[in-house]
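The values are calculated or read from the model by the stated rules, or taken from the named source; none is laboratory data. Because the structure is a prediction, the values reported are computed rather than measured. Please note: Cβ atoms are built from the backbone with ideal geometry, for glycine as well, and neighbour counts cover all protein chains shown. Keep in mind that these areas ignore ligands, DNA and RNA; they rest on the heavy atoms of the full protein, side chains included. Shrake-Rupley method; radii C 1.70, N 1.55, O 1.52, S 1.80 Å.
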Amino acid sequence: MSPWVIKGIRTGIKTSAYPRNAETAAGVTPGLPVSSQMDTGAARALVDICPTQVFTIINGRVNVDVDRCIHCYRCVRGVEQPARWDSTYEWGVESNQKKNLLPAFRKSINICVVDAGDCGSCLNEVRQLSSPYYNIHRLGFFITPTPRHADVLLVVGPGTDHMSLALQKIYNAIPTPKRVVAAGVCALSGGVFAESFTCSEGVTDILPVDVEVPGNPPPPLAILHGLLVAAGRKPPVDLQPGSSQANATGE
Ligand code: SF4
């Protein structure tokens, strides 16, 4: 018997109930900043302290662009009045490039993971998906190194110039129907690397992305939600200011 099976029996730790049931274990998500109404001084402090220009003030309301949040927590620990923060983990958003995704896959899917200049953190979260706790195989999700066997291309990293051609070749090698999931703020906006000598503004500049998953890095459940959205098994969420998801978290 595998050591992790024996350990699971001994410790009582078992595979996550998600997506059938909500995940309630502590620490499965770092959460996300959400838009809120604030007084002008506090709002200004958030705008000034955020290193990646996540906050904008519109009509006295602090709006949040989650595609840029690098989870540095300066807006929580470094200011008198912290930003409002939620504790959700379903972060799969339909890309602006593709709206109203129809279900493309009926049964199992194979996922080709590509590191497009990732620092290692998003890739590490992706790796957790195959661990006993998240165990994506139970959902019929399998990782494949071969684009020709893949249904979904999961990209992490900002899409460096050196990876641009490779990404396009991999995308072209995947048979249709296919979906592209971009995970992590570097893939969505370039993150801290944006518009530098190494890359432009993320993978969305290179490929037709279907599903976006913010976070730096996104936790495994957020990536899993993005994959479920790509497979048509879960609806996407709307993380934009004023959305129902934002409202559900205390707006
Ligand atoms: S955690 Fe950091 S990057 Fe994210 S909104 Fe707060 S200050 Fe900006």
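Calculated FRET efficiency, N135 and A166, Cβ-Cβ r, R0 30 Å, to nearest 0.05?
Details: r = 30 Å, r/R0 = 0.99.
Efficiency computed from Cβ-Cβ geometry: 0.50.
Can you list which of the chymotrypsin sites (Phe, Trp or Tyr not before Pro) found in the range 170-205 are DSSP loop residues with at most 15 other C-beta atoms within 10 Å?
Values: sites: Y171, F193, F197; in loops: F197.
Here the chymotrypsin sites (Phe, Trp or Tyr not before Pro) that fit, given the DSSP loop and packing criteria, are F197.
How far apart, in nanometres, would the label points at L102 and I143 be if each is projected 7 angstrom from Cα along the Cα-to-Cβ direction? Result for the modelled spin labels: 3.3 nm. Here the Karplus curve 6.51 cos²θ - 1.76 cosθ + 1.60, taken at θ = phi - 60°, turns the phi angles of the range 106-111 into couplings of 8, 10, 6, 10, 9, 10 Hz, with x standing for Gly and Pro. Rounded is the label for the range 83-142, because the ratio a/c of its alpha-carbon gyration tensor axes (a ≥ b ≥ c) stays below 1.5. In the full protein context, the chain carries 49 Å² of accessible surface per residue, based on a 1.4 Å probe and ignoring ligands, DNA and RNA.
Leaving ligands, DNA and RNA out of it, report the carbon-plus-sulfur percent of the accessible area of the range 93-230 at a 1.4 Å probe. Mind showing how you got there, number by number?
Details: 3010 of 5750 Å².
Exposed carbon and sulfur together represent 52 percent of the surface.
Based on the alpha-carbon gyration tensor of the chain and its eigenvalue square roots a ≥ b ≥ c, which shape applies: rounded if a/c is under 1.5, prolate if not and a/b is larger than b/c, or oblate? Oblate shape, in that a/c is at least 1.5 and b/c is the bigger or equal ratio.
Checking every one of the chymotrypsin sites (Phe, Trp or Tyr not before Pro) in the range 1-109 against DSSP loop status and a limit of 16 other Cβ atoms within 10 Å picks out Y73.
Quick one: net charge of G232's neighbours, Cβ under 10 Å, K/R +1, D/E -1? Can you show the working numbers first?
Numbers: positive: R106, R179, R233, K234; negative: none.
Overall, the nearby charge balance is +4.
In order along the range 150-159, the phi-based Karplus estimate (6.51 cos²θ - 1.76 cosθ + 1.60, θ = phi - 60°) of 3J(HN,Hα) comes to 8, 10, 10, 9, 9, 10, 10, x, x, x Hz; Gly and Pro are listed as x. Rounded to whole numbers, the Karplus 3J(HN,Hα) couplings from phi for the range 179-194 are 10, 10, 10, 9, 10, x, 5, 5, 5, 7, 9, x, x, 6, 8, 4 Hz, using 6.51 cos²θ - 1.76 cosθ + 1.60 with θ = phi - 60°, and x at Gly and Pro.
Amide hydrogen proximity for W85: with H placed 1.01 Å from N in the peptide plane, the residues at 5 or more positions away or on another chain lying under 5 Å are V34. Shown here for the range 43-144: trypsin sites (Lys or Arg not before Pro) in loop regions (DSSP other than H, G, I, E, B) with at most 11 other Cβ atoms within 10 Å, namely K99, R106, K107. When the charge dipole of the chain is built from unit charges on Cβ atoms (+1 for Lys and Arg, -1 for Asp and Glu) and taken about the Cα centre, the candidate among P175, C75, S16 whose Cα reaches farthest toward its positive end is S16. A Förster distance of 30 Å, applied to the separation of the beta-carbon atoms of A26 and M1, puts the FRET efficiency at 0.60. Can you tell me how the range 93-230 classifies by the Cα gyration tensor, rounded, prolate or oblate, using a/c under 1.5 as the rounded cut? Because a/c hits 1.5 or more and a/b exceeds b/c, the range 93-230 counts as prolate.
Only beta bridges with both residues in the chain are counted; by DSSP, about 40 percent of them are antiparallel.
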